[in-house]
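To start, the structure under review is shown below, and the notes come after it.
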Amino acid sequence: MTPHEWRRYPLAIRMAEGDLGSRLIEIAPLGRDQPHGSSSSGTEAVRLRRAADIALDLDTSLSRLVRSGRTAELHVKPPRLRTAPRLHTTDEALALRPSVEELIAPLVFDSDGRAQLRPFQEIGVQWLIRHRIGILADDMGLGKTAQALRALERLVEEAVIRSALVVCPKSLLANWEAECERWVPRLTVVRSVPAGEESDRVWSAILGRAHIIVTSYEQLRPLPSPLMSEHMELVITDEAHRLRRVQAKLVREFRLMRAERMWALTGTPIERHPVDLATLLSLLEPTRFSAKTSKVDTGLRALAEPYLLRRLKTDVLRELPEVIDTTETIELTPRQQQAYSKARSQPLPKEVGEVLQRLTLLRSICDAEPASGASAKIDRVLEILQAVQDADEKAVVFSYTLRPLEILLNRMNREQPPLGAVTLTGQLTTAERARVVQRFKSDDGVVALLCSSRVGGEGLTLTEANHVIFINEWWNPSANAQARDRVVRLGQERIVHVHRFRCRETVEEALDRILDKKSETFANIVDALAADVNLADPESKALLANAVEQIASGLSPEA
């Protein structure tokens, strides 16, 4: 029996309190061994009916009981936060996909306290819910991901959808998982990234079996057969301007996918470019739009208006802080991961200096793989800088080591068209530094100042920029704050965006946990350790020993 048939099948459903905060759901065919009445009405009844439909659709043993006229029972625990499993093989998909009980838990339990949205974001959530298809094109930093996730959650809780597919750049997979943990911790999340011949089987096993399935654009080339044949309830595309080139293979494959609802997220002002906007609209509403619609020119904006919500920072200025500080979770590239695993697997040294060397090596691999220069961080920085340029804004990029800046500059020069940049390091004379800074301030073709943290972290006023990007950060938070304050200072008239990165499951996360728990004095001691300062007084020595112990625990292969 299909899910649609179950919805028409008369059922008696009863919910009661179970053990340890769980709920007992009893489902029976109406009039045959049915539970005693129903404890639900109105919205709750709709949600329970949807929960029953999902359970009977996915659990053959339950559906067999009901078809035979007996009562099926489900014991549902409150929703819980769990780390998103990564599904590469069919065995992993079958073993790690959420259970039926986890899938229906948000329909059975009411939501409790969660991170709060700003008023303009609540308006965005309502707009998405009302629109079967739409482009959320808010300015960078206004929280498009949070709005989309809360709107998705609302549709799940109101029994409108069971599952949604999120498609994003590969570099943002880990960040979407982190944002799900923050904004919709009650929903189940999986990452579907199968390879080659496993692809179709993995997608068949997972579609409809998690509230949120996160995947990358690369997984859609070619489009897996299940994504072609299944009718998706909701598809969310992040950085959707990637779908604007009408002849691209990705766009052709994307057109083969069918979805009841589709939301596109992009902070790039595509409404300035008629062909890009028309192409994206044609993916959302193919019966009304095509790439040829762009020839309507001035009329396109009017045609697109019902499908597009864009708020600039200036529109919601009163609701925003002076600084929007964002930390993105990044995953190492395969080459970085291989180098990191090799370095981390070595026995941990006992000498303080050697521990520091190991720590420095691991942190440098998080920035870029030593041999090839492969870097997930720099991949993401390039995406941000492209958006900064499209918005006619400027950025200062900090690194306390020079190699990431050199790799980034090389990559920027290879972009088509190139992204303009100037570099400020300690290798320049005072006069050269002044010329570099002046060019950054005055040349509209220069989008970024690539800056050594040691040189650019003090004494400069760079209010021409309103983006600060840290490829890496120094041990001491106050040193990073000084670098940030080159842009966040008197004379800055715009909202400033601070972009930080943490590589998942690396020493970067371990150091964050250590420094968050310690005082500024502790940070100063670690700073001194890095500078090879001889700390003689007993208190400093004790703090230094504590620092080394904490660092060592984060570096050890068993940690």
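Structural remarks
- log10 of Debye I(q)/I(0), alpha-carbon scatterers only, for segment 308-374 at 0.16, 0.25 Å⁻¹: -0.67, -1.09
- Segment Arg252-Asp512, extension gain: residue separation times 0.36 nm, minus the distance between their alpha carbons: 89.3 nm
- Å² per residue, accessible surface of segment 92-236 at 1.4 Å: 32
- Estimated inter-spin distance, Arg435 and Arg221, nm [label 7 Å along Cα→Cβ]: 4.1
- Overall dimensions of segment 53-132 as given by Cα atoms, namely Rg and Dmax in Å: 17.4, 51
- Residue-by-residue Karplus 3J(HN,Hα) for segment 200-213, coefficients 6.51, -1.76, 1.60, Hz, glycine and proline x: 4, 5, 5, 5, 5, 6, 10, 4, x, 10, 8, 5, 10, 10
- Averaged per residue, segment 313-385 has 50 square angstrom of accessible surface, using a 1.4 angstrom probe with ligands and nucleic acids left out.
- Potential lengthening of the chain between Arg80 and Leu20 amounts to 20.2 nm, from the contour at 0.36 nm per residue minus the alpha-carbon distance.
- Segment 144-276: proportion of alpha-carbon pairs further apart than 20 angstrom, %: 43
- Overall form of segment 395-454 per C-alpha gyration tensor (a/c, 1.5; a/b vs b/c): oblate
- Theoretical FRET efficiency, 1/(1+(r/R0)^6), r = Cβ-Cβ of Arg301 and Arg489, R0 45 Å, to 0.05: 0.75
- Added length on full extension, which subtracts the Cα-Cα distance from 0.36 nm per residue, Thr327 to Leu96: 80.4 nm
- Those GluC sites (Glu not before Pro) in segment 367-471 that DSSP places in a loop and that have at most 15 other beta carbons within 10 Å: Glu415, Glu458
- Ligands, DNA and RNA excluded, the heavy atoms of Leu361 present near 80 Å² of accessible surface to a 1.4 Å solvent probe.
- Distance between the pseudo-spin-label points of Glu44 and Gln482 (7 Å out from Cα toward the beta carbon): 6.0 nm.
- Distance from segment 54-118 to segment 192-212 (C-alpha centre basis), Å: 17
- Pairs exceeding 26 Å between alpha-carbon atoms, taken from Lys249/Lys313; Lys170/Lys342; Lys77/Lys144; Lys144/Lys394; Lys342/Lys377; Lys144/Lys441: Lys249/Lys313; Lys77/Lys144; Lys144/Lys441.
- For segment 307-351, trypsin sites (Lys or Arg not before Pro) are listed when DSSP marks them as loop and at most 11 other Cβ atoms sit within 10 Å of their Cβ; the list is Lys350.
- Estimated from the Cβ-Cβ distance and a Förster radius of 35 angstrom, the FRET efficiency linking Arg132 and Ala195 is about 0.60.
- Cβ-derived FRET efficiency at R0 45 Å, Arg318 paired with Asp112, nearest 0.05: 0.95
- Coil-residue trypsin sites (Lys or Arg not before Pro) of segment 91-155, DSSP, other Cβ within 10 Å capped at 14: Arg114
- Whole-percent carbon and sulfur share, accessible surface of segment 407-456, 1.4 Å: 47
The values are calculated or read from the model by the stated rules, or taken from the named source; none is laboratory data. The model shown is predicted, which means the values in this text are computed figures rather than measured ones. Backbone-built Cβ (ideal geometry, glycine too); neighbour counts: all protein chains shown. Surface accessibility is based on the protein's heavy atoms, side chains included, excluding ligands, DNA and RNA. Shrake-Rupley method; radii C 1.70, N 1.55, O 1.52, S 1.80 Å.
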